[in-house]
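A.B. asks: Provided herewith is a single structure, encoded as structure tokens, for subsequent inquiry.
The values are calculated or read from the model by the stated rules, or taken from the named source; none is laboratory data. Predicted, not measured: the structure shown is a model, and the values here were computed from it. With ideal geometry, Cβ positions are generated from the backbone for all residues, glycine too; neighbour counts draw on all protein chains shown. Side chains included, ligands, DNA and RNA excluded: accessible areas come from the protein's heavy atoms. Shrake-Rupley method; radii C 1.70, N 1.55, O 1.52, S 1.80 Å.
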Amino acid sequence: MKIEANKIATLTGHRDPIYALDKGITEYLVFSGSGDKVIAQWNLKTFLSEKIASFPTVIYSICYIPEKQLLLAGTSDGNVHILNLENKEKIKILKNHTAQVFNIRYSLETNCIYTAGGDGNFAICSLDTFDLIKIRKLCDEKARNIDFNYTSSEIAVASGDCKIRIFDIKTLQEKKVFVGHQLSSNVVHYSPDGKFLLTGGRDGHLNIWQVGDYDMIKLIPAHEWAIYDIVCSPNSNLFATASRDKTLKIWDSKTFELLKVINKEKYDGHINSVNKLIWSTYNNYLISAGDDRAIMIWEINLTKTS
């Protein structure tokens, strides 16, 4: 099999680096959040955008909750702003962190919202009332990223003290703590089948761990600089990594083999750090955003070689 990558469009409009992306209210819409304190919505059909809301400080994370028509924005001052998308009213501000909110996730299974902050705190709130259920100081460094594994009923959290922490999704009991990377552990991503945990660090390594005992099964020097995001394709055959080295890379989900490097030189890619990715079900578009204030849309196709 051969992989082809074609750039469909470059979307511009943000005035500062883009740190946050999330899927929108339909499969062809995407939300973005930026250092310019604005959340915008982009149409993957028309490539047009509209301003959704502005905030007092820099936006580091976005979480869209379609079941409740809520959009959550994590900002540099540690706040999480909750926006009702039906009327675009800000209905609540969660003040559970004292530094940047790097990641916001939610779970319908637990009916909770989870946030990771630059203060090292991991906070859990009710999805119904937004009341704080639990807050845990993980370390003196940044808590960076969260992912769920419903197969093993676990939550993984990556943090700046190099460690990965595994919690029971129901009891929040800490089940495992291990060093994920030589430098900061930046991102955690469970494989869709729940068998592997993929992690990316400031050391540029992509590490693959066996779920259960969390033994490392593969260490890949994937990027020259920090890895900031990992996403799987809709059919789970591929995954992509984004890095401060200005590239995004496409990998085989089964063999963990590198298939494609998307860079400025060959593909007219990003000229600065690539911070965030989404792999949309709409046209199988891979969407990347970064410090160059650009959102790029990529068409990724697998073809048979003769």
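A.B. asks: Here's a check for you: in the range 1-25, which residue that is open to solvent by 30 Å² or more (accessible area, probe 1.4 Å), within 22 Å of E86 (Cα to Cα) and at pLDDT 95 or above is farthest from the chain's Cα centre (by Cα)?
C.D. replies: Across the range 1-25, the extreme among qualifying residues is K23.
A.B. asks: Take the conditions surrounded by fewer than 21 Cβ atoms within 10 Å (Cβ to Cβ), on the phi < 0 side of the Ramachandran plot and either at pLDDT below 95 or not in a loop (DSSP other than H, G, I, E, B) (or both) and apply them to L198. Does it pass?
C.D. replies: Values: surrounded by fewer than 21 Cβ atoms within 10 Å (Cβ to Cβ): no; on the phi < 0 side of the Ramachandran plot: yes; either at pLDDT below 95 or not in a loop (DSSP other than H, G, I, E, B) (or both): yes.
No: the conditions fail for L198.
A.B. asks: Could you count how many residues in the range 203-238 are closer than 19 Å to N6 by Cβ and either part of a strand (DSSP E or B) or under 17 Å from the mean Cα position of the chain (by Cα) (or both)? Full working, then the answer.
C.D. replies: Initial filter on the range 203-238 (closer than 19 Å to N6 by Cβ): 231, 233-235, 237-238.
Then keep just the ones that are either part of a strand (DSSP E or B) or under 17 Å from the mean Cα position of the chain (by Cα) (or both); that gives 231, 233-234, 238.
Result for the range 203-238: 4.
A.B. asks: From the list S153, S159, S191, pick out the single residue that is under 27 Å from T241 (Cβ atoms), of a type outside the set (F, W, Y) and without any contact (Cβ under 8 Å) to a residue 24 or more places away in the chain. Before you say what the answer is, go through the steps one by one.
C.D. replies: Details: S159 fails: without any contact (Cβ under 8 Å) to a residue 24 or more places away in the chain; S191 fails: without any contact (Cβ under 8 Å) to a residue 24 or more places away in the chain.
The conditions single out S153.
A.B. asks: Ok, one more. Six or more apart or on different chains, Cβ under 8 Å: which pairs go from a residue in the range 1-14 that's more than 17 Å from T247 (Cα to Cα) to one that's exposed (fewer than 11 other Cβ atoms within 10 Å of the Cβ)? Could you list them?
C.D. replies: From the range 1-14, the pairs are M1/T303; M1/K304; M1/T305; K2/T303; K2/K304; K2/T305.
A.B. asks: How many of the residues making up the range 163-188 are at pLDDT 95 or above, under 20 Å from the mean Cα position of the chain (by Cα) and either of a type in the set (D, E, K, R) or surrounded by fewer than 16 Cβ atoms within 10 Å (Cβ to Cβ) (or both)?
C.D. replies: Residues flagged as at pLDDT 95 or above, under 20 Å from the mean Cα position of the chain (by Cα) and either of a type in the set (D, E, K, R) or surrounded by fewer than 16 Cβ atoms within 10 Å (Cβ to Cβ) (or both) within the range 163-188 amount to 2.
A.B. asks: Which strands (runs of 3 or more DSSP E) does the range 38-137 wholly contain that include 1 or more residues that are touching a residue at least 60 places away in the same chain (Cβ under 8 Å) and buried (at least 21 other Cβ atoms within 10 Å of the Cβ)?
C.D. replies: On the way: elements: 38-43, 49-54, 59-65, 70-75, 80-84, 89-94, 101-107, 112-117, 121-126, 132-137.
Those strands (runs of 3 or more DSSP E) span 38-43.
A.B. asks: Separate question: Are any residues in the range 254-270 outside any strand (DSSP E or B), more than 17 Å from I8 (Cα to Cα) and either open to solvent by 30 Å² or more (accessible area, probe 1.4 Å) or of a type in the set (D, E) (or both), and if so, which ones? I'd like the intermediate steps shown before the answer.
C.D. replies: Residues of the range 254-270 outside any strand (DSSP E or B): 254-257, 263-270.
Within this subset, residues satisfying the condition of being more than 17 Å from I8 (Cα to Cα) are 254-257.
Of everything in the range 254-270, those that are outside any strand (DSSP E or B), more than 17 Å from I8 (Cα to Cα) and either open to solvent by 30 Å² or more (accessible area, probe 1.4 Å) or of a type in the set (D, E) (or both) turn out to be K254, T255, E257.
A.B. asks: For the range 170-189, enumerate the residues that are touching a Cys at 6+ places or on another chain (Cβ under 9 Å) and closer than 16 Å to Y114 by Cβ. If you could, list the steps in order and put the result at the bottom.
C.D. replies: Step one: of the range 170-189, the residues touching a Cys at 6+ places or on another chain (Cβ under 9 Å) are 179-185, 189.
The answer is H189, and nothing else.
A.B. asks: Any idea which residue in the range 276-289 is modelled with the lowest pLDDT, counting only those that are in contact with a Pro (Cβ under 7 Å, 6 or more places away or on another chain) and surrounded by 14 or more Cβ atoms within 10 Å (Cβ to Cβ)?
C.D. replies: Residues of the range 276-289 that are in contact with a Pro (Cβ under 7 Å, 6 or more places away or on another chain), as a first pass: 279, 281, 284.
Pick out the ones that are also surrounded by 14 or more Cβ atoms within 10 Å (Cβ to Cβ) and you get 279, 284.
Values: W279: 97, N284: 94.
Looking at residues that are in contact with a Pro (Cβ under 7 Å, 6 or more places away or on another chain) and surrounded by 14 or more Cβ atoms within 10 Å (Cβ to Cβ), I get N284.
A.B. asks: Would a scan of the range 152-162 turn up a residue that is open to solvent by less than 60 Å² (accessible area, probe 1.4 Å), in contact with a strand residue (DSSP E or B) (Cβ under 8 Å, 6 or more places away or on another chain), acidic (D, E) and not in a loop (DSSP other than H, G, I, E, B)?
C.D. replies: For the range 152-162, residues open to solvent by less than 60 Å² (accessible area, probe 1.4 Å), in contact with a strand residue (DSSP E or B) (Cβ under 8 Å, 6 or more places away or on another chain), acidic (D, E) and not in a loop (DSSP other than H, G, I, E, B): present.
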